[in-house]
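The values are calculated or read from the model by the stated rules, or taken from the named source; none is laboratory data. Computed from a prediction, not measured in an experiment: that's the story for all the values here. Neighbour counts run over all protein chains shown; Cβ positions are idealised from the backbone, glycine included. The protein model used for the area step is the full one, side chains on, heavy atoms only, and it has no ligands, DNA or RNA in it. Shrake-Rupley method; radii C 1.70, N 1.55, O 1.52, S 1.80 Å.
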Amino acid sequence: MFQYTLDIFSESAPAPASTLGPVSVPFFEPDLARYDHILVAFSGGKDSIAMVLDLIERGIDPGKIELWHHDIDGREHVGNFMDWPVTADYCRKFAAAFNLRIYFSWRIGGFRRELLKDNAMIAPVAFETPEGVKVAGGERGKIATRRRWPALTPDLRVRWCSGSLKVDVMSIAINNQDRFRGKRVLVMTGERASESANRAKYLPFENHRCNAPGQRVNRTVHVWRSVHAWSDEEVWAIIQRFGVVAHPCYHLGWGRASCAGCIYGSPSQWASLRVAAPEMFGVISGMEGELGHTIRRDETVTQRADRGRAYDMDAETIRVAMSRTYDGPIRVAPADWLLPKGAYGENAGPC
Ligand code: SF4
């Protein structure tokens, strides 16, 4: 296990004992001044927004901060398969509103290609860099057939959507950029202990898998889950302080901004997606039939939607959520800020 070393922590914060539960060390934080790059895994959901706003409140040099967004559906297909169409542009507009850099990355072909992989290797990863888009990976994988939905389990080897389309994408993008050689890099991810028993086990700080301290690469990469001990209330409080308008899905009633068609979707989320995005719902439902494999072992998405009740959604918010352009405000005056109706809603899904 990674051994914490005192020199990476601020002097006021004692190094955490790795045996302590994560919620019991909320004061823990690394010395941010010692990092050259701070890469925030930015989904556009409330926890990733809270991480960024917290950095801003701490007065961190914005020039060090980079938002990294992984496009779940890739960019090679017309239309979205699993993700909210508006997410990428919402993230782009958020970054612009705070004068922050944002880089997009994706597994080529996205979720659909991975799902339909048939006697093929995993696809390469494309990632934006300061010099333009680069492509890496997809050369050493095994030839294999997938044609199975991700399993509903914390094990990322079989819940392959999170692993192949997010975690691995970020690692490949870090490993294949020389600008990180000889540098200290802090990766920030937004898992919170209160979300699930599995996430409660995550350490708030640890080595990232791209940490390569040897002489050849000499790259230090740590992960800091800065909001790991935060409550829902704390997350929404910082969003309110900055007057940030949350992703449209929260205003439709979703409690998390994960994929629109997240495999963990509750009955009411599937019922709501069927109303808000009937085409997207139909494609996912049709894919279950084509594969002869359902996301849930015991029911189809249609059966699951039939057990739920669609949220009370207005047509304009549906239009914004299903648009590829976010044309709403990112920030409003504090007096005009509204808590989204999904703010404390169903907490379905680990991503
Ligand atoms: S949000 Fe859901 S479907 Fe999307 S990558 Fe995460 S677990 Fe998979």
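State which residue pairs qualify: first residue closer than 16 Å to residue 77 by Cβ and open to solvent by less than 40 Å² (accessible area, probe 1.4 Å) and inside the range 280-300, second residue assigned to a helix (DSSP H, G or I) and not small (Gly, Ala, Ser) in any location, beta carbons under 8 Å apart, and separation of 6 or more residues or different chains.
If the second residue must be assigned to a helix (DSSP H, G or I) and not small (Gly, Ala, Ser), the pairs left are 280/273; 284/301; 287/115.
Answer yes or no as to whether residue 152 is within 12 Å of the ligand (Cβ to nearest atom) and crowded, with 16+ Cβ neighbours inside 10 Å.
Criteria not met by residue 152.
Output the residues belonging to the range 256-279 that are under 20 Å from the mean Cα position of the chain (by Cα) and either in contact (Cβ under 8 Å) with a residue 60 or more places away in the chain or within 8 Å of the ligand (Cβ to nearest atom) (or both).
Correct list: 256, 257, 258, 259, 260, 261, 262, 263, 264, 265, 266, 269.
Return the total of residues in the range 331-351 being closer than 14 Å to residue 240 by Cβ and not acidic (Asp, Glu).
Residues in the range 331-351 being closer than 14 Å to residue 240 by Cβ and not acidic (Asp, Glu): 11 in total.
Filter the range 155-189 for residues that are of a type outside the set (D, E, K, R), open to solvent by less than 20 Å² (accessible area, probe 1.4 Å) and under 21 Å from residue 258 (Cβ atoms) and give the result.
160, 161, 162, 163, 164, 165, 169, 170, 171, 173, 187, 188
Yes/no per residue for (1) part of a strand (DSSP E or B); (2) more than 16 Å from the ligand (Cβ to nearest atom); (3) touching a helix residue (DSSP H, G or I) at 6+ places or on another chain (Cβ under 7 Å); (4) over 23 Å from residue 264 (Cα atoms):
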position: 55; (1), (2), (3), (4): no, yes, no, yes
position: 63; (1), (2), (3), (4): no, yes, no, yes
position: 73; (1), (2), (3), (4): no, no, yes, no
position: 84; (1), (2), (3), (4): no, no, yes, no
position: 93; (1), (2), (3), (4): no, yes, no, yes
position: 106; (1), (2), (3), (4): yes, no, yes, no
position: 111; (1), (2), (3), (4): no, no, yes, no
position: 122; (1), (2), (3), (4): no, no, yes, yes
position: 128; (1), (2), (3), (4): yes, yes, no, yes
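Take the residues of the range 264-279 that are assigned to a helix (DSSP H, G or I) and open to solvent by less than 60 Å² (accessible area, probe 1.4 Å): which is farthest from residue 346 (Cα to Cα)?
In this case the residue turns out to be 276.
Collect the residues in the range 194-241 that are under 18 Å from residue 36 (Cα atoms) and of a type in the set (Val, Ile, Thr), keeping them in residue-number order.
217, 220, 221, 223
If residue 317 meets every condition in (1) part of a helix (DSSP H, G or I); (2) farther than 18 Å from residue 73 by Cβ; (3) without any contact (Cβ under 8 Å) to a residue 24 or more places away in the chain apart from one, which number is that one?
(3)
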